[in-house]
Amino acid sequence: NDVPLRDRTGKIIEVKALEQSENRWKPSKPTDEEEKVYKAAKGLLNKLTLEKFEKLYAELLQVGISNASLLRGFVVLVYDKAVLEPTFINMYARMCQKLSEDLPEFEDDEGVLPFGDVLVGKCRSEFEAVGNEPERQGIEELPEDEKEGKLRKIRQRTLGNVEFIGELFKLNMVGLEDVKMSVAKLLGEVEGDQDKIHPLCKLLEGVGKSMEEQDKEALDGYFAQLKEISNGGKLNSRFKFMILDLGEMRNKGWKARREVAGPKMLDEIQKEVEKENRYTEKKKEDKAETPKKKNERKPKKESKPAVEDDGWSQVAPVAKMSQKPKGKDAARVKGNGAKETPPSSPTSAVAKSKAKSVGSSKGAFAALMMDDEDDDDDDDEDEDEEDDAEDEEEDEDSGSSDEMVVPATPVKHGPELNKEAADKVGFILEEFLCCHDVNEAVECMIELHGLGTYDKAVLDEEVVRRGLEMALDASPKECTLMAKMFGSLVDQAILVPEDAAKGFCDVFLDLQDISIDIPRAPELLASIAKDMLGTGHLDAGVIRAGLAEFQKEDPK
């Protein structure tokens, strides 16, 4: 372009040529040979999995790392992969341990360079740069969304770095003094920057167990400082909970509250997918077998009163429904203050409690209270009354009954489980409904009780309640299997009949709502309760009290 550069006044601006100094900065580009080595190494690292670990590791050793420059570049590649993929960080740490033993040492102007020393030096330099990363330059001038995206990447890299240091410390690649210096640095910067709490807790999670064995006194000092910071009143509640979780983890022997997601073998993933598919297909088949009727879900519409020509509406007379008590029921009512005699046996608690018609709005409760053997209509009402009267006279003459009287026990519901425990219970029950393996479910319950971190009574009540709801939503077959599992738990003294009955009572209270989506729920629940009462796997007194509580909630 021959047109000269001019300023606003039209004067030609003279531009001097740049002078090249002898010590000018020059970009250092890898040679073609180094570029090939880095490309091959990156390709192998991208393919690295647990199944292919040994094969790809052998190829990685033969990729062509032959000098100190290539070693430094290779360390950067491995480090970046590890900190940006926290799910596989344990696998990368083990790979680094093997590389430190198998890769040869190289020399340059700085001396001998073993792979392990170069890697630890990289981790140390990255850690010391936390808060002063090159990516932070000019970040305040960026739009809010771009700024947040960059900060998220910086935080992810910082957390990955401290987690990687923790994994290397477990493998004795990072020394105790290095870890103590890192913890001290983060603790010293917490007051000025609360965001340092997160990497500090992440670092202590990784090194805590090993450090407890090597220098418990120093670890006690760190926790004392964290407690002081948490009680200071200036800390964000999110970071306070991080410190509380860390202390709880230490008290439990450094066992995490939730399982850390790690790499899985392909066979494990396939098994999980197959189980999930079987469970999903099973639910679809069960719903197809028992379709829901529309008339059972929709309440009947009340007929509107007819309106005459003169504006008055004609209302049909309401028929009063009255039912004369029969037999023993009539004898029990001897005045306003008379009390009802409790049922004489666990099964009769369910059989003799029918008081309403199944077709009424209380259909769910009535179906639950009825015995399957009493479903047939009475052919001769007078004959039944005479039989009941005779039975009543015999009872009065004898003055006592050979049957055991079960008193009603007040139902005391415990506190709710936390989300972690509820998730574990749900997982065990879903596995059982998928595989139908009673023994495996029993072993899982024994293992859950063995943790000793949850209230046993509350846990057992939740297992029964959740199991019944899931079985009712599945199919009659699943209800039978769930009752079988409950019976096995009671037989092996893992589940107490009283806690099992409390779980049933929890479902009684929700039965009206459950019946809207599952019309057969009362019938299925009554069948399960009857069978388990007959085998002694349920506490009849608690069941009776639960039904009484249900009537108080909705006495219609």
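Tabulated results
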| read-out | value |
| --- | --- |
| Whole-Hz couplings from phi, Karplus 6.51/-1.76/1.60, listed for the stretch 216-229; x for Gly and Pro | 5, 4, 5, 5, 4, x, 5, 5, 5, 5, 5, 5, 5, 5 |
| Euclidean distance of C-alpha centroids, the stretch 6-23 and the stretch 39-103, integer Å | 50 Å |
| Calculated from backbone phi, Karplus (6.51, -1.76, 1.60) coupling profile of the stretch 484-499 in Hz, x at Gly/Pro | 5, 5, 4, x, 5, 5, 5, 4, 8, 6, 8, 10, 8, x, 5, 5 |
| Accessible carbon and sulfur surface of the stretch 453-539 relative to its total accessible area, %, 1.4 Å | 50 percent |
| Apportionment of accessible area to carbon and sulfur, the stretch 1-121, percent (1.4 Å) | 49 percent |
| Residue (of LEU151, PHE164, MET181) at the positive-pole extreme of the stretch 149-219, dipole from beta-carbon charges | LEU151 |
| Sequence of GLU430, GLU478 when ordered by accessible area, the most exposed leading, probe 1.4 angstrom | GLU430, GLU478 |
| Accessible area (Å², per residue) of the stretch 135-280, counting only protein heavy atoms and a probe of 1.4 Å | 62 Å² |
| Largest-first ordering by accessible area, 1.4 Å probe, given options CYS96, CYS434 | CYS434, CYS96 |
| Sites GLU440 and LEU244, calculated FRET efficiency, Cβ-Cβ separation with R0 25 Å, nearest 0.05 | 0.15 |
| Residue-normalised accessible area of the stretch 449-556, given per residue in Å² at a 1.4 Å probe | 39 Å² |
| C-alpha center-to-center spacing [the stretch 516-537, the stretch 108-131] in angstrom | 67 Å |
| Only Lys, Arg (+1) and Asp, Glu (-1) charged, at Cβ; the stretch 96-145 dipole about Cα centre in debye | 240 debye |
| Solvent exposure ordering (accessible area, 1.4 Å, most first) of GLU105, GLU462 | GLU105, GLU462 |
| Accessible surface of THR453 - all protein chains present, 1.4 Å probe, nearest 10 Å² | 70 Å² |
| Amide hydrogen neighbours beyond the local backbone of PHE106, cut-off 5 Å, H modeled | LEU113 |
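The values are calculated or read from the model by the stated rules, or taken from the named source; none is laboratory data. As the structure is a prediction and not an experimental result, all values here were calculated from the model. In this analysis, Cβ positions are derived from the backbone assuming ideal geometry, glycine residues included, and neighbour counts consider all displayed protein chains. Side chains are part of the model used for accessible areas, which takes the heavy atoms of the whole protein and leaves out ligands, DNA and RNA. Shrake-Rupley method; radii C 1.70, N 1.55, O 1.52, S 1.80 Å.
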